[in-house]
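Peer 1: Quick one: the structure is below, and I'll ask about it shortly.
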Amino acid sequence: MHTANAIVYAMLLTGFLLSLTAIIELGVHLISSRHVRARKIVSWLALLILLSSSVIILVFASSLFTALLLLLTLYRAFNLLRIIKGRMHERYLQRVTYRTSLALILLQAVEMSIWVVYAHFHVTSYSLLAGILTLQAIAAFVLYKNVLRHSQRMRAVSLLEAVHDKDLPSLTIAIPARNETEQLYECITSLLASHYPKLEILVLDDCSQSPRTHEIIKGFAHAGVRFIKGSEPSDTWLAKNQAYDTLAKAASGEWLFFAGVDIRLDVSSLRQLVGYALAKQKDMICVMPHNVLYHDQWPLVQPMRYLWELALPRRTFDKPPVLSSSWLVRREALVKAGGFEAASRMVVPEAYFAKKMLEHDSYAFLASGTTLGVTSVKDVLEQRETAIRVSYPQTHRRPEAVALLTLGYIAWIAAPLTLIITIALDGRYDILLVAALVIMLLCGLLYKTILQLAYGKAHLMHIFSFPLAVLVYVVLFNYSMYKYEFSEVIWKGRNVCLPVMHVVPRLPHA
């Protein structure tokens, strides 16, 4: 009875404090965008009350449920700091912060409701854990099934016959380059070795600060490589997208192949890729390259990026998997989709075009493996920088989405692992242990499939590193959010936050 009264008291206290802070926080958004100083002052007050309430809840009503509620509260505090910082254009800032506040408050209300049901119906911890593990097992099975289905589709290129030279369309390889060194030299060298008969190679020097990039490109002029001079991007364009646009307009090929300087091609790669597009009537193809795994590297970041693209039921929401490192598109289809002007601010413009092509079933996502011979030599540091650049935009720049992903990823790994360790220490064995082991087995199989697609092999130790990879990716997702909202995301010497986040370059005095 005493325990029941304590739970009721904890729920009442938590509910009252969360309701009070929600009212104050939503009140911040009622202040007109013309009164910037007033909004910031009230936001500071709301932040102070929110954090004070969190401390009270933590001291007097600590439990697993309140811990989860407080985790969401941290994202609410983060959202208030966005208002206080005021980096973005005021109207845009007011709209996005209100949306985030409302979403996080509703999420806390849902979790509070689950807590009430748990206490009112005297649900045991065993039953609650059994329900969570059941849902996780179902989710793990669905994700694994999605990865298997994608992997089967992605390898279909091996079944095609070679296309005759006369039937191949003209092709332009387009490479944006900025402050590059030997990687650019090796990339162009591999492209020149291609057996594709109607090939044009364009390389754009995107205002490199070092003359080395210009020298490397000019050094291949005798081999027919065309030099394209880039220009500084406007406030409404991401630099890479503007470089893509310049390259697309300068190209003469019927098809365009965009590649990063980390990409290497076999002599028959382009022929097979274009042949597949013609045979399957596809207007766009993104390629997952075969990644080089160096001896001193541990595959944690890149496989999780691929898992993000392949495991989710993307086709259900008409958002197919994409990658930016190497992709092929028919010029006419690109223009019909609006060209790069339609995706000038997008960190991953390929996602926009893939969605457009999917409307006519003219998009495909392929794994290179040893068949296509498309290889990436990106090292761990570059993989981490890429993950930081693309992670937060993948959630449409919404802190509430990052909060849900963080909760989901942590629960996905923490719940079964905690149960396995607890049962092993207690020496008890029951059906929950079986469920936890099934979940971890499915996760291991899922990660093994991703590793095989990415690297062509999956070492046992790498498979067992899946929980660590999840933890690293959760940290990178949250770090990406912080960098975009409060700092800078530097890519090739440029801050991509300015066009992506609607940041005011020079802040006015409040």
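The values are calculated or read from the model by the stated rules, or taken from the named source; none is laboratory data. What you see is a predicted model, and the numbers here were worked out from it, not measured in a lab. Ideal geometry is used to build each Cβ from the backbone, glycine not excepted, and the neighbour counts take in all protein chains shown.
Peer 1: Name the residue that is nearest to Glu485 (Cα to Cα), counting only residues in region 76-99 that are crowded, with 23+ Cβ neighbours inside 10 Å and within 23 Å of the chain's Cα centre (by Cα).
Peer 2: My answer is Asn79.
Peer 1: From the list Ala333, Ala354, which residue is within 30 Å of Leu498 (Cα to Cα) and under 18 Å from the mean Cα position of the chain (by Cα)?
Peer 2: Details: Ala333 fails: under 18 Å from the mean Cα position of the chain (by Cα).
After applying the criteria, what remains is Ala354.
Peer 1: Does any residue of region 313-336 turn out to be more than 13 Å from Tyr363 (Cα to Cα), of a type in the set (Lys, Arg) and modelled with pLDDT of 95 or more?
Peer 2: Scanning region 313-336 turns up at least one residue that is more than 13 Å from Tyr363 (Cα to Cα), of a type in the set (Lys, Arg) and modelled with pLDDT of 95 or more.
Peer 1: State which residue is nearest to Phe141 (Cα to Cα) when the search covers only region 409-430 and only residues that are part of a helix (DSSP H, G or I) and of a type in the set (Ser, Thr, Tyr).
Peer 2: For region 409-430, the residue satisfying everything is Tyr409.
Here's the yes/no breakdown for (1) part of a helix (DSSP H, G or I); (2) of a type outside the set (Ser, Thr, Tyr); (3) on the phi > 0 side of the Ramachandran plot:
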{"site": "Tyr276", "(1), (2), (3)": "yes, no, no"}
{"site": "Cys286", "(1), (2), (3)": "no, yes, no"}
{"site": "Lys319", "(1), (2), (3)": "no, yes, no"}
{"site": "Ser324", "(1), (2), (3)": "no, no, no"}
{"site": "Leu328", "(1), (2), (3)": "no, yes, no"}
{"site": "Glu332", "(1), (2), (3)": "yes, yes, no"}
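Peer 1: Within region 24-38, can one find any residue that is of a type in the set (A, V, I, L, M), exposed (fewer than 15 other Cβ atoms within 10 Å of the Cβ) and outside any helix (DSSP H, G or I)?
Peer 2: Yes, region 24-38 contains a residue that is of a type in the set (A, V, I, L, M), exposed (fewer than 15 other Cβ atoms within 10 Å of the Cβ) and outside any helix (DSSP H, G or I).
Peer 1: For region 425-472, name all the residues that are among the hydroxyl-bearing types (Ser, Thr, Tyr) and without any contact (Cβ under 8 Å) to a residue 60 or more places away in the chain.
Peer 2: Tyr429
Peer 1: Is it true that Glu309 is more than 28 Å from Tyr455 (Cβ to Cβ), assigned to a helix (DSSP H, G or I) and not small (Gly, Ala, Ser)?
Peer 2: It is false that Glu309 is more than 28 Å from Tyr455 (Cβ to Cβ), assigned to a helix (DSSP H, G or I) and not small (Gly, Ala, Ser).
Peer 1: Which helices (runs of 4 or more DSSP H) does region 431-510 wholly contain that include 3 or more residues that are within 30 Å of Ser234 (Cα to Cα) and of a type in the set (Phe, Trp, Tyr)? Break it down stepwise before answering.
Peer 2: Numbers: elements: 431-455, 460-464, 466-486, 497-500.
Because the criterion is at least 3 residues that are within 30 Å of Ser234 (Cα to Cα) and of a type in the set (Phe, Trp, Tyr), the helices (runs of 4 or more DSSP H) in region 431-510 that meet it are 466-486.
Peer 1: Can you find even one residue in region 225-240 that is farther than 24 Å from Tyr352 by Cβ and either free of Cβ contacts under 8 Å to residues at least 12 places away in the same chain or within 29 Å of the chain's Cα centre (by Cα) (or both)?
Peer 2: Scanning region 225-240, I find no residue that is farther than 24 Å from Tyr352 by Cβ and either free of Cβ contacts under 8 Å to residues at least 12 places away in the same chain or within 29 Å of the chain's Cα centre (by Cα) (or both), so the answer is no.
Peer 1: Answer with yes or no whether Pro176 is modelled with pLDDT of 85 or more, under 22 Å from the mean Cα position of the chain (by Cα) and not in a helix (DSSP H, G or I).
Peer 2: Considered against the rule, which asks whether it is modelled with pLDDT of 85 or more, under 22 Å from the mean Cα position of the chain (by Cα) and not in a helix (DSSP H, G or I), Pro176 comes out as yes.
Peer 1: May I pose another question? Condition (residue is farther than 29 Å from Val500 by Cβ, modelled with pLDDT under 95 and either charged (D, E, K, R) or more than 25 Å from the chain's Cα centre (by Cα) (or both)) applied to region 338-351: is it met by at least one residue?
Peer 2: Pass one, region 338-351, residues farther than 29 Å from Val500 by Cβ: none.
No, every residue in region 338-351 fails to be farther than 29 Å from Val500 by Cβ, modelled with pLDDT under 95 and either charged (D, E, K, R) or more than 25 Å from the chain's Cα centre (by Cα) (or both).
Peer 1: Anything in region 302-317 that is of a type in the set (A, V, I, L, M) and either farther than 24 Å from Thr371 by Cα or without any contact (Cβ under 8 Å) to a residue 24 or more places away in the chain (or both)? List them, or say none.
Peer 2: Leu312
Peer 1: Filter region 179-199 down to the residues that are in a loop (DSSP other than H, G, I, E, B) and farther than 22 Å from Ala239 by Cβ and list them by number.
Peer 2: Ala193, Ser194, His195, Tyr196, Pro197, Lys198
Peer 1: Would you point out which residue out of Leu72, Leu104, Leu50, Leu17 is crowded, with 18+ Cβ neighbours inside 10 Å, touching a Ser or Thr at 6+ places or on another chain (Cβ under 7 Å), under 23 Å from Val402 (Cα atoms) and touching a residue at least 24 places away in the same chain (Cβ under 8 Å)?
Peer 2: Of Leu72, Leu104, Leu50, Leu17, the one residue that is crowded, with 18+ Cβ neighbours inside 10 Å, touching a Ser or Thr at 6+ places or on another chain (Cβ under 7 Å), under 23 Å from Val402 (Cα atoms) and touching a residue at least 24 places away in the same chain (Cβ under 8 Å) is Leu50.
Peer 1: If you check Ile41 against the conditions, is it over 31 Å from the mean Cα position of the chain (by Cα), more than 23 Å from Val110 (Cβ to Cβ) and of a type outside the set (Gly, Ala, Ser)?
Peer 2: It is true that Ile41 is over 31 Å from the mean Cα position of the chain (by Cα), more than 23 Å from Val110 (Cβ to Cβ) and of a type outside the set (Gly, Ala, Ser).
Peer 1: Yes or no: region 110-122 includes at least one residue that is assigned to a helix (DSSP H, G or I), farther than 29 Å from Pro321 by Cβ and within 29 Å of the chain's Cα centre (by Cα).
Peer 2: yes
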